[in-house]
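Notes to accompany the following structure.
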Amino acid sequence: LTMRERSAAKLLLWGAAGVAAAGAAVLLYFVDPAESAWLPGCPLRTLTGLNCAGCGGTRGIHALLHGDVAGCFRMNALLLPLLALAGLLAWKPRLAAKPSVALCVAAVIILYSVARNLPCFPFLAPH
C-alpha cells in the first residue's frame with residue numbers, strides 16, 4: 001500500500017471507531033444497564049460470582065454520560081483512569097507500542113480484578 005492509501009485506511013478506521021463509540025454512547029445514555037434485560041451481564045460474574053475488572057463498567061459509563069462522576073467511580077473505580085489512558089494512547093500512539101506500558105496496564109487490571117473480590121476491599125465491588 002502507498003502512504004496515501006495507508007493514511008486513508010487509518011482515517012477510515014478512526015472514523016468507524018468514532019461512529020461506533022458515539023452510537024454506544026447514545027444507547028447507554030438512553031438505556032439504563034441496571035434495568036435493561038437485553039444488555040448482557042458479565043459472563044465471569046454469572047458463572048463464578050466473581051467481579052472482573054470490567055464489572056460495573058457499562059453502568060459506570062451510563063452514570064458518566066449523565067454527569068454522575070461519583071456514580072461512575074462507585075460502579076468501577078478503574079474506568080475513569082482507563083478512559084484517560086485510552087485518550088492518552090490515542091493521542092500518543094507510540095506510547096501504546098511500548099511493551100512496558102502494556103505490561104503495566106495488564107498488571108494493574110489483574111491486581112484490580114483480584115482486589116475487588118477480596119473482603120478487605122468491599123468499596124471496589126460495583127454498587
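The values are calculated or read from the model by the stated rules, or taken from the named source; none is laboratory data. In this text, all values refer to a predicted model and were calculated from it rather than measured experimentally. So basically every Cβ, Gly included, is an ideal-geometry build from the backbone, and we count neighbours across all protein chains shown. Protein only, heavy atoms only, side chains kept; ligands, DNA and RNA dropped before computing areas. Shrake-Rupley method; radii C 1.70, N 1.55, O 1.52, S 1.80 Å.
Of note, Cys120 satisfies the criterion of being open to solvent by 70 Å² or more (accessible area, probe 1.4 Å), of a type outside the set (Val, Ile, Thr), free of Cβ contacts under 8 Å to residues at least 12 places away in the same chain and not in a helix (DSSP H, G or I). Counting only residues that are assigned to a loop (DSSP other than H, G, I, E, B) and of a type in the set (A, V, I, L, M, F, W, C), the range 79-117 holds 1 of them. Scan the range 83-97 and give yes if some residue there is open to solvent by 60 Å² or more (accessible area, probe 1.4 Å), within 26 Å of His127 (Cβ to Cβ) and either in contact with a helix residue (DSSP H, G or I) (Cβ under 9 Å, 6 or more places away or on another chain) or in contact (Cβ under 8 Å) with a residue 12 or more places away in the chain (or both), otherwise no. Yes, the range 83-97 contains a residue that is open to solvent by 60 Å² or more (accessible area, probe 1.4 Å), within 26 Å of His127 (Cβ to Cβ) and either in contact with a helix residue (DSSP H, G or I) (Cβ under 9 Å, 6 or more places away or on another chain) or in contact (Cβ under 8 Å) with a residue 12 or more places away in the chain (or both). For the range 7-23, indicate whether the set of residues that are under 14 Å from the mean Cα position of the chain (by Cα) and surrounded by 12 or more Cβ atoms within 10 Å (Cβ to Cβ) is non-empty. No, every residue in the range 7-23 fails to be under 14 Å from the mean Cα position of the chain (by Cα) and surrounded by 12 or more Cβ atoms within 10 Å (Cβ to Cβ).
Hey, can you tell me all the residues within the range 24-56 that are farther than 28 Å from Ile110 by Cβ, without any contact (Cβ under 8 Å) to a residue 12 or more places away in the chain, open to solvent by 40 Å² or more (accessible area, probe 1.4 Å) and not aliphatic (A, V, I, L, M)? Phe30, Glu35, Trp38, listed by residue number. Restricting the range 102-117 to residues that are without any contact (Cβ under 8 Å) to a residue 12 or more places away in the chain and open to solvent by less than 50 Å² (accessible area, probe 1.4 Å) leaves a set whose member that is farthest from Cys42 (Cα to Cα) is Ala107. The set of residues in the range 64-81 being farther than 23 Å from Phe30 by Cβ and open to solvent by less than 60 Å² (accessible area, probe 1.4 Å) consists of Ala77, Leu78.
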